[in-house]
Each structure stands twice: as C-alpha cells, then as structure tokens.
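J.: I'd like to ask you about the structure that follows.
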Amino acid sequence: MHLARPILVPFLVSWALAVPLRADWRVPVASKKLANGLTVVVSEDHSAPTFGLCIAYGIGFRLEPEGRTGFAHLFEHMMFEGTPDAPKGVFDEVIEGGGGFNNGDTRYDFTEYIESAPISALEPVLWLEADRLKTLDFSASNLENQRKVVEEEVRVNVLNQPYGSFYWLDLPQKAFDRYPNAHNFYGDFKDLDAATIQDVKSFYEHYYAPNNAVLAIAGDVKPDDVFSAAEKYFGGIPARQVPARPDVSEAPQTAERRFVETDSLARVPALAIGYRMPSRTSHDAVVAAVVGDLLHNGDASLLYRALVKDKQVALSVSGGMNWPLGNPFEYNGPTLMTSLIIYPANVIEDQLLKDYNSVIRQLQNQAPSPGDMERIKAKMQSDWYAQLEIPIQRASVLAHATLFGGDPERVNQIPFELSNITPEEVKAFAAKYLVDTNRTIIGRVLAASGKPAGAGKGAR
C-alpha cells in the first residue's frame, strides 16, 4: 500500500487540476437602482436561514482631502457613534442581540459596512443602515473619542510593531507621486488632531450618499422582497451632490526607486518590492492577478521555492497583486504588486535581491510550466468560490464589483477569465511590467547597525 503512494499522489493532483469549471454554476444575481441612485444587489441562497449584508461607499483612502490624512478611516469609526434615533450602542445591541455581528473597513477606493445575522434580523438591520445614512450624531465628544481610538490603532499596528506595516503603508508613498496615491492613509497625528466637526459633516454630506453606494445582500432572501424593503427604508433618503472624481493617474515611472528605513523593533531585516500595475479594466490586470499568485501564493509559489527552500536566503515570502489591502480585482486607481521578504541577518541584501531578480528574469525569459499554471489557476478559482460560499463575503464582493464596474455579474466572470490566461501571456506580462524601472524597493534594516546585517559593499 505504501509503495503505491508516489504514483497515486501525482495522479490525484493532476486529476484534480484537470477538472473543468462548471459553466452552469453561477452566483445568482439580481439588481435594481432606486430613484435616489442607490444600487441594490441581491443573491438568493437558501442553504441556511441567514443573510450577509454589505453597504459599500465610493470613498476610501485615495480621495480623502489633502491636509486630512487618515480621514476616511477616522470617519469609518464615526459611523459607529450613533444617530439621534439610534444612539451609540444601539447598532451593536440590535445586531448582536439577534445573533449576528457587524464590522466596517476602509480601503483605497471604498469604505464598507458589513453585517451577518439570522434572516429574522434583516429588516432591523436595514433600518439601522438607512438611519445612519440619513444623519449621524455629530458631537465633539464622539469625534474626540474616535480620534483617540484611531491614534491608538496607529500606535499598536504601526509605531510599536516590528516592520511597522512599511510594506503596505510606506511603499505606496515611495512608489507613487500624486497625493491621492502617495499619502499616509492611516493618518498623520497632526492631521487627525486638526480634524473638526465641520470636516466630519462636510465629508459625510459629500460622500455618504445613496447615489455613491451599493447595498448588497446575500442569503435566505428573495430579490423582490429585498427590493421592496430597500425602497421602504432607503427610498426616502435624497441623493446628494457627490464631488467629481479627480484624476488619480500617475506619470510612467522611468527609474528604479530604492530606499532604506531603520527598524528598532525588528530582529531580522526585511525587503519590500513594489511594481506598478495596469488599470483594473485592462486584460493585463487579470494576468497580473495570476502572476501575483504564481510568485507569492503559498509554499509552492515560485519565490518561496527559490528563496526559502532552494537558496535559503529568506525566512518568509508573501505578497501579491493589490496586497494586502484587498483582492487582485478590487482597486480603482494605481496599485502595486508587492513582495515582502523577511530574511536572515547573515544574508547580504544585494545577494537576496540578486536571487529575487533571477526568479523574475526566468519568468520573463521562459513561460511557466503547464503544471505551475494549472496549479495556481485551480487554487485561485477554489479560493474565489470559497469566498462566494459565505453570504457576508459574497455580499462584499458583489458590492465592490458593482461599485467599481457597475456589473455584479463580474463575480461570475472572474473564474473563467483566470482559466483563459496562458503561459505566454504570463511571460509577456513579466517582460512588460516586472522590470527594474517600474519598481520601488524599501530595505527595512536593523536600527543597531543602520544597514542590513551582513550587508556588503554594494548594499544601499
């Protein structure tokens, strides 16, 4: 029995990868736009008597006002401070008392609020979401309270953490040039401290509008019932004047950018590498998603195998397209493919970069093997379908797809777009985008030495 295993395992793996996508399996989608501009998306799924809800607004880090860095995230917190009709604490009490949970998060191009609960709680949750879209409790005490919460979050997640999230917080600021893409979106304390109640009200009135939002619900519901309930609770909220979206495009990068940061908390050095990526609406963006996972997704990824297993010049490798603040398909402006490499103190940074470059050069000169391509596409499709199985995650993905492209059916197209990417397209993509002049590098070095441990003459 044990002798058969070396033959059986490859057979099972190749058989699993060869299973074709089922063209008849699709997430059911129905959508309707209310007169005030709110788009409502419904995905019916009666596998459990629950629902997931996401209301996503077209405002994120990228569009927060100059001089008010971190404001989009600060405002997300303000949305949980209550309203005149549902004071602070009522939102959580109603949802958690009904057996559910809620949360919110801010990304580059959206802010979302999510809830999941038994189906009996759907109408109360809709009332609560509509209530805080009408108005908030704009009090100085609420603002001061949440300002302190956000500043403490920055201390915990950035200032007092090894590496300080430099690979997703600092790297874009170095890689891009225009304010929307290149500011500290967690927030400089001076900007957070300067925020006023009038700033909060103005931000709310400009961006928290039904015509700048998508409401998506997945679960044990029927579309017509949801449309009727949405009209009941949201239909009377007037549309607002949403500012025109500014031009956030960047001029092409023409030279490699390289920087050094010191770290007093890290025990070993790290390297972050970011390549500028194509527009979300281009075919190259789908190829980028595949390349990002081919390089970074798991212990079988090209970079992990080369740097951690084979050459043993790295302790860990992670990264990907639009990583780690979203999936490869959820961005609406300039973004990066990022590699984060943690490496031993006795490894020279330039040697690590040379070995990293070898992996990239190989991809530019030789298309990936059919086995690697089938493996990563199967993994990406499996991950995508797993996400769609969970109502709250399905609602979130549907809301984002609709917010960015106006078409919730996009979630059903992605697995098939992935399946059509060829090895030659991957090779061409690497040759076009994964070039030195299109990347930014930050070396995170140990503060004691001011340079990577073991750094040689060539280290910068």
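The values are calculated or read from the model by the stated rules, or taken from the named source; none is laboratory data. This structure is a prediction, so every number in the text was calculated from the model and none was measured. Note that each Cβ is placed from the backbone with ideal geometry, even for glycine, and that neighbours are counted across all protein chains shown. Accessible surface areas use protein heavy atoms only, side chains included; no ligands, DNA or RNA. Shrake-Rupley method; radii C 1.70, N 1.55, O 1.52, S 1.80 Å.
J.: Residue check, V214 against (1) free of Cβ contacts under 8 Å to residues at least 24 places away in the same chain; (2) open to solvent by less than 10 Å² (accessible area, probe 1.4 Å), all met but one. Which one?
T.: All conditions are met except number (1).
J.: Is there a residue in the range 104-113 that is within 17 Å of I217 (Cβ to Cβ) and open to solvent by 60 Å² or more (accessible area, probe 1.4 Å)?
T.: no
J.: Any idea which of (1) within 23 Å of C54 (Cα to Cα); (2) open to solvent by 50 Å² or more (accessible area, probe 1.4 Å); (3) acidic (D, E) is the one D220 doesn't satisfy?
T.: (2)
J.: Give me the residue from the range 122-170 that is small (G, A, S) and free of Cβ contacts under 8 Å to residues at least 60 places away in the same chain and, out of that set, farthest from V268 (Cα to Cα).
T.: Residues of the range 122-170 that are small (G, A, S), as a first pass: 130, 139-141, 164-165.
Those left that are additionally free of Cβ contacts under 8 Å to residues at least 60 places away in the same chain: 139-141, 165.
On the way: S139: 45, A140: 43, S141: 42, S165: 15 Å.
Here the residue is S139.
J.: Name the residues in the range 353-391 that are charged (D, E, K, R), closer than 16 Å to H296 by Cβ and either without any contact (Cβ under 8 Å) to a residue 40 or more places away in the chain or assigned to a loop (DSSP other than H, G, I, E, B) (or both), would you?
T.: If the condition is that a residue be charged (D, E, K, R), closer than 16 Å to H296 by Cβ and either without any contact (Cβ under 8 Å) to a residue 40 or more places away in the chain or assigned to a loop (DSSP other than H, G, I, E, B) (or both), then D383 is the only one that fits.
J.: Applying the selection to the range 325-352, what residues are among the aliphatic types (A, V, I, L, M), open to solvent by less than 30 Å² (accessible area, probe 1.4 Å) and not in a helix (DSSP H, G or I)? Give the derivation first.
T.: To start, the set of residues in the range 325-352 that are among the aliphatic types (A, V, I, L, M) comprises 325, 336-337, 340-342, 345, 347-348, 352.
From what's left, open to solvent by less than 30 Å² (accessible area, probe 1.4 Å): 336-337, 340-342, 347, 352.
Within the range 325-352, L336, M337, L340, I341, I342, V347 meet the criteria.
J.: Please enumerate the residues belonging to the range 107-146 that are in a strand (DSSP E or B), in contact with a Leu (Cβ under 9 Å, 6 or more places away or on another chain) and hydroxyl-bearing (S, T, Y).
T.: Y113, S116
J.: Would it be correct to say that F176 is in contact with an Asp or Glu (Cβ under 8 Å, 6 or more places away or on another chain) and open to solvent by less than 40 Å² (accessible area, probe 1.4 Å)?
T.: Working: in contact with an Asp or Glu (Cβ under 8 Å, 6 or more places away or on another chain): yes; open to solvent by less than 40 Å² (accessible area, probe 1.4 Å): yes.
Against the criterion (in contact with an Asp or Glu (Cβ under 8 Å, 6 or more places away or on another chain) and open to solvent by less than 40 Å² (accessible area, probe 1.4 Å)), F176 qualifies.
J.: Sort out which residues of the range 314-324 are crowded, with 21+ Cβ neighbours inside 10 Å and aliphatic (A, V, I, L, M), and write them in order of number.
T.: Result: A314, V317, M321.
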